[in-house]
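Taking it in order: structure first as structure tokens, then the write-up.
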Amino acid sequence: MTARIIRGTEISPIIREEIDKETKSLKLQHGITPGLVTIIVGQNPASVSYVTAKQKAAKDLGFYSLQEDVPEEVTEEALLELIAQYNDDTAIHGILVQLPLPKHINETKVLYAIDPDKDVDGFHPVNVGRLMIGEAKFYPCTPYGIQQMLVRSGVTIDGAEVVVVGRSNIVGKPIAMMLIQKAEGANATVTICHTGTKDLAAHTRKADILIVAAGKPKAITADMVKEGAVVIDVGVNRIGMTPEGKAKLCGDVDFDAIKEKASAITPVPGGVGPMTITMLMLNTLRAAQFTVGKR
Ligand code: NAP
């Protein structure tokens, strides 16, 4: 079997078109333009490139978008004040603080300071709790992107055995929590694996849908995958440079071998990656819509 390739590069533009339509209608009917502020502390090159891409996406969709470039040596107090200012700003519907933050700033304290109704990353404990009880307002962007890729590719999630490798708060735990809900695009039986899992392959081989977010190249090899499984590779690992001087990337699964066994698989790059920013835009639109009690 040669797997169908599920590409975020193909699904993401479709969702952006939908966002564009809804954004225009929100402006026309309610005079509201979705507003997003991205806050970056210091000039970490990876963070700068992520924030630049987020700003570009927001501008392309006609959002009101602002970027706050905060110096590396900012005090925690000053950063919290800046967040409080945007919490009160009615033109801003989404606040995104780019992580990681410098060591002298308490990341948890900063994320908790964001108004949960403007928490478009979905990391605030109020939103994590809402997700857990099946009343999510915002889904974290990468897990949301994964779920949309599955749904829009016609993969049956209802009743499927899903195995998630990785238990981070930004990918592993939230995607497991989303797919376990008694809801459309969910209702799966979910197992979460991590470095404490005794026999990883024994679990992954049972998966109808295998989602890998370990951050380890080739953590999953073909012998660990069931014939006909759907494999979602979230990993982004830098494994050198291309001759053009760009970072050479690979995922967490042995793509070439597994594509001969799986029924569908996501590539890296071009798989989950392009979905994340699109889902951030959707969350920002939703945050703006919530202000008129519309969804
Ligand atoms: P993380 O916080 O480092 O978590 C990795 C998780 O994988 C941990 O729970 C770890 O277990 C588990 N793990 C690592 N090696 C393992 C192994 N050999 N067997 C079983 N479990 C293993 O990473 P993350 O933030 O979730 O990100 C994971 C990957 O996804 C990274 O490559 C990251 O760059 C990528 N990512 C991509 C996007 C995107 O938009 N495409 C977004 C976010 C993340 P322990 O808990 O026991 O340590």
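The values are calculated or read from the model by the stated rules, or taken from the named source; none is laboratory data. Since we're looking at a predicted model, the values are computed, not measured. Cβ placement follows ideal geometry from the backbone for every residue including glycine, while neighbour counts extend to all protein chains displayed. Keep in mind that these areas ignore ligands, DNA and RNA; they rest on the heavy atoms of the full protein, side chains included. Shrake-Rupley method; radii C 1.70, N 1.55, O 1.52, S 1.80 Å.
Of everything in the stretch 142-167, what is within 15 Å of the ligand (Cβ to nearest atom) and open to solvent by 50 Å² or more (accessible area, probe 1.4 Å)? Give them in sequence order.
Across the stretch 142-167, the qualifying residue is only ARG167.
Given ALA186, ALA202, ALA213, which one is at pLDDT 95 or above and in contact with a strand residue (DSSP E or B) (Cβ under 8 Å, 6 or more places away or on another chain)?
Numbers: ALA186 fails: in contact with a strand residue (DSSP E or B) (Cβ under 8 Å, 6 or more places away or on another chain); ALA202 fails: in contact with a strand residue (DSSP E or B) (Cβ under 8 Å, 6 or more places away or on another chain).
That would be ALA213, the only listed residue that is at pLDDT 95 or above and in contact with a strand residue (DSSP E or B) (Cβ under 8 Å, 6 or more places away or on another chain).
Of the numbered conditions (1) within 12 Å of the ligand (Cβ to nearest atom); (2) surrounded by 16 or more Cβ atoms within 10 Å (Cβ to Cβ); (3) in a loop (DSSP other than H, G, I, E, B); (4) without any contact (Cβ under 8 Å) to a residue 60 or more places away in the chain, GLY196 satisfies every one except a single condition; which is it?
Exception for GLY196: condition (2).
Taking GLY273 as the residue in question, decide whether it is within 17 Å of the chain's Cα centre (by Cα), small (Gly, Ala, Ser) and open to solvent by 40 Å² or more (accessible area, probe 1.4 Å). I'd like the intermediate steps shown before the answer.
Numbers: within 17 Å of the chain's Cα centre (by Cα): yes; small (Gly, Ala, Ser): yes; open to solvent by 40 Å² or more (accessible area, probe 1.4 Å): yes.
So GLY273 passes the test.
How many of the residues making up the stretch 145-180 are in contact (Cβ under 8 Å) with a residue 24 or more places away in the chain and in a helix (DSSP H, G or I)?
So the answer is 14.
Within the set of pairs 6 or more residues apart or between chains, which connect a residue that is closer than 16 Å to ALA247 by Cα inside the stretch 39-52 to a residue that is outside any helix (DSSP H, G or I) and among the aliphatic types (A, V, I, L, M) with Cβ atoms less than 6 Å apart?
SER47/ILE40
Would you confirm, using the coordinates I've provided, whether ILE105 is touching a strand residue (DSSP E or B) at 6+ places or on another chain (Cβ under 9 Å), away from the ligand (no atom under 16 Å from the Cβ) and free of Cβ contacts under 8 Å to residues at least 40 places away in the same chain? Give the steps one after another, and end with the answer.
Values: touching a strand residue (DSSP E or B) at 6+ places or on another chain (Cβ under 9 Å): yes; away from the ligand (no atom under 16 Å from the Cβ): yes; free of Cβ contacts under 8 Å to residues at least 40 places away in the same chain: no.
No.
Against the definition (within 13 Å of the ligand (Cβ to nearest atom) and touching a residue at least 40 places away in the same chain (Cβ under 8 Å)), how does ASP121 come out, yes or no?
Numbers: within 13 Å of the ligand (Cβ to nearest atom): yes; touching a residue at least 40 places away in the same chain (Cβ under 8 Å): yes.
Yes; evaluated as a whole, the condition is true for this residue.
Does ALA91 qualify as being under 16 Å from THR33 (Cα atoms) and open to solvent by less than 50 Å² (accessible area, probe 1.4 Å)? Can you show your working first?
Numbers: under 16 Å from THR33 (Cα atoms): yes; open to solvent by less than 50 Å² (accessible area, probe 1.4 Å): yes.
Spelling it out, ALA91 is indeed under 16 Å from THR33 (Cα atoms) and open to solvent by less than 50 Å² (accessible area, probe 1.4 Å).
For LYS21, work out the one condition from (1) within 21 Å of the chain's Cα centre (by Cα); (2) closer than 25 Å to PHE290 by Cα it doesn't fulfil.
(1)
Could you please give the count of residues in the stretch 1-51 that are within 11 Å of GLN98 (Cβ to Cβ) and in a helix (DSSP H, G or I)?
6
Using the structure shown, decide if LYS206 is of a type outside the set (S, T, N, Q), open to solvent by 50 Å² or more (accessible area, probe 1.4 Å) and within 21 Å of the chain's Cα centre (by Cα). Give the steps one after another, and end with the answer.
Working: of a type outside the set (S, T, N, Q): yes; open to solvent by 50 Å² or more (accessible area, probe 1.4 Å): yes; within 21 Å of the chain's Cα centre (by Cα): no.
Spelling it out, it is not the case that LYS206 is of a type outside the set (S, T, N, Q), open to solvent by 50 Å² or more (accessible area, probe 1.4 Å) and within 21 Å of the chain's Cα centre (by Cα).
Test ALA183 against the stated conditions and say whether it is open to solvent by less than 20 Å² (accessible area, probe 1.4 Å), assigned by TED's automatic domain parsing to the domain that holds VAL253 and not in a helix (DSSP H, G or I). It would help to see each step written out before you state the result.
Numbers: open to solvent by less than 20 Å² (accessible area, probe 1.4 Å): no; assigned by TED's automatic domain parsing to the domain that holds VAL253: yes; not in a helix (DSSP H, G or I): yes.
It is false that ALA183 is open to solvent by less than 20 Å² (accessible area, probe 1.4 Å), assigned by TED's automatic domain parsing to the domain that holds VAL253 and not in a helix (DSSP H, G or I).
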